[in-house]
C-alpha cells in the first residue's frame with residue numbers, strides 16, 4: 001500500500017479537524033506508512049508544501065486535542081483546478097508529486113467547490129490510467145452539499161447559532177417595555193438558508209425564539225419587513241429577527257447593497273460597506289425611532305469549537321474514516337455521504353456517491369419548509385435539524401482557555 | 001426581621017444571576033420570610049412591580065439553574081433616581097412601598113450608575129431616620145467600579161473574549177499567505193479598556209494573540225494605526241487587532257463617528273451608523289486593497305453564560321451573599337468590594353465600602369499597564385486578569401442547548 005495525503009479546503013468549520021482525525025485513525029489501522037497533510041490544500045500541494053503528520057500527532061491524546069481544535073489544522077485554501085484540456089502540465093505536476101512521495105490515496109475535505117478538485121483529479125486519473133484513488137470528505141457549515149442528508153460542520157454551527165440566539169434573546173428582553181429594542185442578527189449563508197434556519201432551534205419552554213427568520217430562498221421585501229417590525233414593536237418590548245446575509249430584493253440586489261450608492265461615501269471618499277443587519281437596523285431606527293441593534297455572528301459561527309456538537313464531531317470523524325477506508329478498498333471519484341435512517345431514534349449510515357453529481361451543486365432549504373409568508377421555518381425543519389446539535393465535546397482547558405493543537409508546536413517524538 | 005428585596009440594574013452580565021442566588025441563599029439562611037425581586041429594577045419597583053421569588057425558586061436545583069441563566073433574571077433597567085431635594089414625593093413613595101411589604105433589606109446589583117440608587121436611598125433613610133438597610137452588590141462587565149479589585153461579570157466576559165479571540169485568530173490564519181486577512185475585533189467599553197485588554201489573555205503556546213490592542217485610555221491616531229497595519233500586513237499573512245468601541249481621536253470624536261458627515265447618507269437619506277471596527281476595516285481595504293473583516297462581539301460578550309468563568313460565578317455569588325449578610329447585620333449605604341490578598345495562589349476577601357466613594361466613579365486601566373506606544377497591555381495586566389477566567393460552570397443541556405430559568409415558568413409549589 002502506498003501513502004496517504006489529506007487536504008482541507010474552503011471555509012473552516014468547528015469540526016473539520018475531526019474528519020482529519022478520522023483519516024489518521026483509518027490510515028493507522030490500515031497500516032499506512034506515511035500520512036501527509038497538504039499545507040493550505042491543493043494550492044500548497046502544487047508548491048510541494050507537505051506536512052508529515054507524524055511530526056504533530058503521535059498519540060491518542062494528540063488526536064483528541066486535534067478534534068478540539070477549530071479551523072483548518074493543515075491550513076485551507078480556495079483554489080479551483082483548471083480544466084484538464086490545455087492545462088495538462090498542472091495535472092502532470094500533481095501526479096509527479098504523488099509519485100515522488102509514493103502517495104496512493106488522496107483525500108480532500110471540503111464543500112461543493114472543493115469537491116471539484118476530487119472530480120478533476122479522478123477524471124484525470126481515469127483518462128490516464130493512473131492508479132491513485134481520490135475520495136471526497138464532506139464539510140461545510142452552509143450545509144448545501146447535495147445528496148448527503150447534511151454536512152459535517154453544520155450541526156456545530158447550528159448549535160452555536162441556537163445557543164447564542166437564546167442568550168441574545170434573554171439579553172434583549174432584559175430592559176423590558178421601558179426600552180424596547182429591535183435586534184437583527186445576521187447569519188452566514190449567501191445562497192442557502194440552512195444556517196439562518198438554525199435560529200429556530202432556540203425556541204423552547206425557556207425561550208420564545210426569534211420573532212422572524214428570513215432566508216435567502218425567499219425574495220426580501222423591505223417595505224413588508226418594516227411593516228412587520230412596526231407591528232411586532234407595537235406588541236412586544238423585545239423583538240429579535242434572524243436574517244441571512246444573502247437576502248435579496250426583487251431586483252436581485254443583496255439587501256446589504258441597498259445602502260450603497262455612488263454618493264454613499266464618507267468624508268474621505270471611501271465607500272462604506274456594511275452588512276444587511278446593519279442596513280436594516282439603521283432603517284428601523286430611522287423610521288421608528290426605536291433602539292435597534294445589529295449583531296453579526298461572522299466567523300464566530302464557524303470557529304466556535306468550544307461549543308461543538310458531539311453528533312457533528314462524531315459524524316465528521318466518521319466521514320473522514322469512511323473516505324479513507326473507501327480509498328483503501330479501491331474506490332475513487334466519490335464523496336462519502338450521510339444517509340439518515342430515522343429521525344427518532346436518530347440513526348444514520350455512510351455511503352459513497354459519484355463526485356460528478358456533487359461537485360459545484362448547491363442544495364437549498366426546501367420551499368415547503370419555509371412558512372409564515374417567508375418569515376419562519378416549519379416543524380419539518382426542526383425534526384431535521386434537532387438531532388444534529390445534540391451532545392458536547394468539552395474542550396481541554398489550560399489557564400481557563402480551550403487548548404488547541406497547532407502547526408507551530410511539533411509533537412515530541414518517542 | 002423584615003423582608004428582603006433585590007434588584008438588578010444596568011447592562012446584564014453572564015453571572016448577574018449568581019449574585020441573586022447568593023442573596024437568596026443568605027436570606028434563607030437568615031430565616032427571612034419573603035424575598036422579593038424588583039421587576040426591572042428601581043423603575044419597576046416604583047410601579048410596585050414586585051416578584052415573589054418563592055414562585056420561581058423552590059429548590060437547590062432551581063438555584064443551580066439560576067446561576068446558569070444569562071441576563072437579568074428579574075429584568076433590568078437604566079434609571080437614575082432624582083435629587084432628593086424637590087423630589088421628596090418619589091422617595092416617600094419608595095419608602096411607602098417598602099413599608100407596605102414589610103421590607104427591611106434593600107439590595108441592588110449594578111455598576112457605578114446603579115450604585116447611585118443605593119447612595120440616594122441610604123442618604124434619604126439617614127436624613128429621615130428610616131430603619132431600612134441599603135446595600136450595593138457590584139456588577140459590570142466593564143470592570144470600572146472603583147475600590148474593588150475587580151467586578152463580578154468581568155471574568156466571564158474576559159473568558160468569552162479570550163476564547164473567541166483564540167478561535168478567531170485560528171480562523172483568520174487558515175488561508176495563509178495566499179489570502180492575507182486583516183481582522184479588526186471591536187470590544188465593548190466606551191471609557192475603560194478592561195474588556196479590550198482581555199484580548200491579550202488569548203496569547204499562549206498555541207496562539208500568537210492579537211497583533212495590537214487599542215484601549216480608550218490612549219488617544220487613537222488613524223494615520224499611525226494605518227501605518228502599523230500596513231507594516232504588519234507586509235510581515236504576516238494574518239493580522240488580528242482588538243479595538244475598544246470607545247477609541248477616540250485627538251479632537252475628541254469617537255473613531256466610529258469619523259465616517260459620518262452630513263453628506264454621509266444612503267439613497268433614502270438615512271444616516272448610516274457603523275462601529276469603529278467597521279470604519280477601520282473599510283479604511284484598510286480602501287487604502288491597502290487587502291481583505292479585511294470587522295467582528296463585533298456586541299452583546300454576546302455579556303450574555304454568553306455557556307462560557308462563564310467559575311471564579312467569576314463564585315465571586316458574583318459571594319458578593320450577593322455578603323451584601324445580604326451585611327444588611328442583616330445592620331450595615332447600610334455600602335457596597336461589597338473584592339480585595340485581592342494574593343495573585344498566586346489567587347486569594348480574595350470581601351469587604352464593605354462607603355457607597356459615596358463608589359457611585360458614579362469610573363476606574364480605568366492604569367496608564368503604566370499600557371505598553372508598545374499604546375498598542376498592547378503589559379504582563380502586569382495578565383497577572384491581574386488571568387486568575388479571573390479560571391474554571392467553568394457547565395450549562396445544563398436539554399435538546400443540545402443550555403437550559404435557562406425564566407419568569408415565564410413559575411416553579412411548582414410543593
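Roughly what would the spin-label model give for residue B:251 and residue A:407, points 7 Å off Cα along C-beta, in nm?
It works out to 4.5 nm between the two label points.
Test of understanding: what is the full-extension gain from residue B:287 to residue B:357, defined as 0.36 nm times their sequence separation minus their Cα-Cα distance?
20.5 nm
Suppose a student asked you for the relative contact order of segment A:119-184, using Cα pairs under 8 Å spaced at least 6 residues apart; what percent would you report? Working shown, then result.
Numbers: 33 pairs, mean separation 10.6, N = 66.
Relative contact order, segment A:119-184: 16 percent.
For segment A:222-246 and segment B:334-384, write down the distance between their C-alpha centroids in whole Å.
One Cα centre to the other: 42 Å.
Which translational diffusion coefficient, to the nearest whole µm²/s, is obtained for the protein assembly as shown from the Stokes-Einstein equation, given a Kirkwood hydrodynamic radius over C-alpha pairs, 4 °C and 1.567 mPa s? Show your work: numbers first, answer last.
Values: Rh = 28.0 Å.
Answer from the Stokes-Einstein relation: 46 µm²/s.
Starting at 0 and stepping by 10 Å, how many percent of the alpha carbon pairs of segment A:154-303 end up in each bin?
Histogram of Cα-Cα distances, whole percents per bin: 11, 41, 35, 12, 1, 0.
Arranged by the count of other C-beta atoms within 10 angstrom, fewest first, what order do B:297, A:220 take? Walk me through the numbers on the way to the answer.
Values: B:297 26, A:220 23.
Least to most surrounded, the residues fall as A:220, B:297.
Evaluate the relative contact order of segment A:154-303 (contact order divided by residue number), counting alpha-carbon pairs under 8 angstrom at least 6 apart; express in whole percent. Don't skip to the end; give the middle numbers.
Details: 270 pairs, mean separation 46.7, N = 150.
In percent, rounded to a whole number, it is 31.
Starting from 0 in steps of 5 Å, tell me what percent of the Cα-Cα pairs of segment B:313-369 lands in each bin.
P(r) for segment B:313-369, in whole percents per bin: 4, 16, 20, 22, 21, 11, 4, 1, 0.
Every other copy gets compared here: list the nm distances from the residue B:1 label point (7 Å along Cα to Cβ) to its counterparts, shortest first, one decimal.
Taking the point 7 Å beyond Cα along Cα→Cβ, the inter-copy spacings are 7.0 nm.
Can you list, shortest first in nanometers, how far residue A:34 lies from the same residue in the other copies, with each label 7 Å from Cα toward Cβ?
Relative to the other copies, residue A:34 has label-point distances of 8.0 nm.
Given chain B, what whole percent of its Cα pairs are spread farther than 42 Å?
On the way: 16250 of 85491 pairs.
The share of Cα pairs beyond 42 Å in chain B comes to 19 percent.
What is the Cα centroid distance between segment A:115-135 and segment B:124-174, reported in whole angstrom?
Answer, in whole Å: 57.
Assign one of three labels to segment B:73-127, namely rounded, prolate or oblate, based on the Cα gyration tensor with a ≥ b ≥ c the square roots of its eigenvalues; rounded applies when a/c is under 1.5, prolate when it is not and a/b is larger than b/c, and oblate otherwise. Intermediate results must be reported in sequence, preceding the final value.
Working: a/c = 1.66, a/b = 1.14, b/c = 1.45.
Because a/c hits 1.5 or more and a/b fails to exceed b/c, segment B:73-127 counts as oblate.
Please give the average number of partner chain Cβ atoms lying within 10 Å of the Cβ of each residue in B:299-306, rounded to a whole number.
Working: counts 11, 7, 0, 3, 9, 7, 4, 9.
Partner-chain Cβ atoms within 10 Å, mean over residues of B:299-306: 6.
If you average 1/r over every pair of different alpha-carbon atoms in segment A:1-114 and take one over that average, what Kirkwood value in Å do you get? Mind dumping the intermediate values first?
On the way: mean 1/r = 0.0693 Å⁻¹.
Its Kirkwood hydrodynamic radius stands at 14.4 Å.
Let me know the Kirkwood hydrodynamic radius for segment B:128-184, please, with Cα pairs as the basis and the value in Å to one decimal. Intermediate results must be reported in sequence, preceding the final value.
On the way: mean 1/r = 0.0666 Å⁻¹.
One over the average 1/r among Cα pairs gives 15.0 Å for segment B:128-184.
One decimal, nm, shortest first: give the distances between the label point of residue A:253 and those of the same position in the other copies, each label point 7 Å from Cα along Cα→Cβ.
Spacings between copies for this position, smallest first, are 2.6 nm.
Just want to confirm a number: the relative contact order over chain A, from Cα pairs under 8 angstrom separated by 6+ residues, in percent. If you can, show how the numbers build up before the last one.
Working: 918 pairs, mean separation 98.7, N = 414.
The value is 24 percent.
Based on the alpha carbons, how large is the Rg to Rh ratio for segment A:298-414 when Rh follows Kirkwood?
1.04
Once you wrap a convex hull around the alpha carbon atoms of segment B:152-194, what is its projected area averaged over all directions, in nm²?
On the way: hull surface 13.9 nm².
With the hull built on Cα positions only, its mean projection is 3.5 nm².
Assuming a ≥ b ≥ c are the square roots of the Cα gyration tensor eigenvalues, decide whether segment B:1-60 counts as rounded (a/c under 1.5), prolate (otherwise, with a/b larger than b/c) or oblate.
Values: a/c = 1.93, a/b = 1.22, b/c = 1.58.
Oblate is the answer for segment B:1-60, as a/c is 1.5 or above yet b/c matches or exceeds a/b.
Once a ≥ b ≥ c are taken as the square roots of the eigenvalues of the Cα gyration tensor of segment A:351-408, is the result rounded (a/c under 1.5), prolate (a/b larger than b/c) or oblate (a/b not larger than b/c)? Walk me through the numbers before you get to the answer.
On the way: a/c = 2.86, a/b = 1.53, b/c = 1.88.
Verdict is oblate for segment A:351-408.
Largest first and in whole Å, give the semi-axes of segment B:97-237's equivalent ellipsoid, each being the square root of 5 times a Cα gyration tensor eigenvalue.
Values: eigenvalues 420, 51, 20 Å².
Listed largest to smallest, the semi-axes of segment B:97-237 are 46, 16, 10 Å.
Every number in this text was worked out from the coordinates using simple rules, so none of it is lab data. These numbers come from a predicted model, not from an experiment. Counting neighbours? That spans all protein chains shown, and the Cβs are built from the backbone with ideal geometry, glycine included.
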